[in-house]
Amino acid sequence: KKLGDRSDLDDLQRRVDTFETTDAQEFGDLPLSRQTLAGLKSAYYTRMTDVQQRALPLALKGKDVLGAARTGSGKTLAFLIPVLEVLLRKRWGQQDGLGALVISPTRELAVQIFEVLRKIGHQHNFSAGLVIGGKNLKHEQERLSRMNILIATPGRLLQHMDQTLGFDCDHLQLLVLDEADRILDMGFSATLNAIVANLPKSRQTLLFSATQTKSVKDLARLSLKEPEYVAVRETG
Ligand code: ADP
Ligand code: MG
């Protein structure tokens, strides 16, 4: 079984490397693991939205992506699918610690993202948790060191970076900044900069936003490397 898993992943990696980005319309057209495809299927996701169609092929290949698309366009799957696939292909395991971090402006949005992750990620073995405050800090602290994927709000995350012993981001592979315009509107610019300064430089970063403001571009300059731009027009 172990051997079979390994050659499955080698095969998947080859399919990603040789994948041509142009005309994939359905999730099934992408080089995705059977675990993620099963998760998407169980949630009845079949056809990709525009932003998913444009961003997923790039993000799956490991590129940094700056994505702008209106609210409701499907940005959540455009970053959660790469979170699962990148960690899987890197053979991320329970004992490897924090591999992916998603930063979201509000608790409510973080909880929504977490629920989508549960919906499409149930066939994977990663541990995932929320860091959103409002709950007992100690309780969060104890669970933090065991998480592979965290969905966090900026203030609480920085608090843990400063105060929680054993909270280690040193091996982070993937950072997602979701609703970046809103994070900045809420006054979290300095907090975000402090968080990003705590993260390893060799990582993949995906930044999604409903609008492309100057402050979003400034943040992108600070946190992304040679990003691919994906902007989806309004289509009535
Ligand atoms: P955004 O973050 O861009 O505002 P969401 O990721 O929250 O958008 O998605 C908006 C809605 O569209 C959600 O209800 C989600 O379940 C649905 N959705 C996203 N992608 C797809 C898809 N490929 N097929 C069908 N529904 C989708
Ligand atoms: Mg969203």
Looking only at region 133-145, decide whether some residue is at pLDDT 95 or above and not in a loop (DSSP other than H, G, I, E, B). no
Per the filter on region 144-168, residues exposed (fewer than 14 other Cβ atoms within 10 Å of the Cβ) and of a type in the set (D, E, K, R) are Arg146, Asp162, Asp168
Do you know which of the residues in region 98-112 that are assigned to a helix (DSSP H, G or I) and over 10 Å from Asp178 (Cα atoms) is nearest to ligand 2 (Cβ to nearest atom)? Gln112
Those residues that are surrounded by fewer than 16 Cβ atoms within 10 Å (Cβ to Cβ) and either basic (Lys, Arg) or within 16 Å of ligand 2 (Cβ to nearest atom) (or both), I need them from region 213-230; list them, please. Lys214, Lys217, Arg221, Lys225
Out of (1) more than 16 Å from ligand 2 (Cβ to nearest atom); (2) within 21 Å of Glu226 (Cβ to Cβ), what's the single condition that is false for Ala24? (2)
Of everything in region 173-187 that's in contact (Cβ under 8 Å) with a residue 40 or more places away in the chain and more than 16 Å from ligand 1 (Cβ to nearest atom), which residue is surrounded by the fewest Cβ atoms within 10 Å (Cβ to Cβ)? Met186
How about region 28-49: which of its residues are in contact (Cβ under 8 Å) with a residue 40 or more places away in the chain and either touching a Ser or Thr at 6+ places or on another chain (Cβ under 7 Å) or hydroxyl-bearing (Ser, Thr, Tyr) (or both)? Ser33, Thr36, Ser42, Tyr45
Can you tell me which residues in region 53-78 are part of a helix (DSSP H, G or I), of a type outside the set (A, V, I, L, M) and more than 13 Å from ligand 1 (Cβ to nearest atom)? Pro57
Find the residue count for region 25-52, including only residues that are of a type in the set (A, V, I, L, M, F, W, C), within 24 Å of Val232 (Cα to Cα) and away from ligand 1 (no atom under 12 Å from the Cβ). 1
Here the residues within region 25-47 that are assigned to a loop (DSSP other than H, G, I, E, B) and surrounded by fewer than 22 Cβ atoms within 10 Å (Cβ to Cβ) are Gln25, Pro31, Ser33, Ala43, Tyr44, Tyr45, Thr46
From Phe126, Phe167, Phe188, residue being modelled with pLDDT of 95 or more and over 20 Å from Arg107 (Cα atoms): Phe126
Of Lys75, Lys119, Lys61, which residue is among the basic types (Lys, Arg), out of contact with any His (no Cβ under 6 Å at 6 or more places or on another chain) and surrounded by 22 or more Cβ atoms within 10 Å (Cβ to Cβ)? Lys75
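Residue-by-condition table, conditions (1) in contact (Cβ under 8 Å) with a residue 40 or more places away in the chain; (2) among the polar types (S, T, N, Q):
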{"position": "Leu101", "(1), (2)": "yes, no"}
{"position": "Gln112", "(1), (2)": "no, yes"}
{"position": "Leu137", "(1), (2)": "no, no"}
{"position": "Ile149", "(1), (2)": "yes, no"}
{"position": "Ser189", "(1), (2)": "no, yes"}
{"position": "Ala197", "(1), (2)": "no, no"}
Condition met for Phe126 (out of contact with any Ser or Thr (no Cβ under 9 Å at 6 or more places or on another chain) and outside any helix (DSSP H, G or I)): yes
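The values are calculated or read from the model by the stated rules, or taken from the named source; none is laboratory data. Predicted model, so just to flag it, every value in this text is computed and none were measured. All Cβ positions, glycine included, derive from the backbone under ideal geometry; neighbour counts span all protein chains shown.
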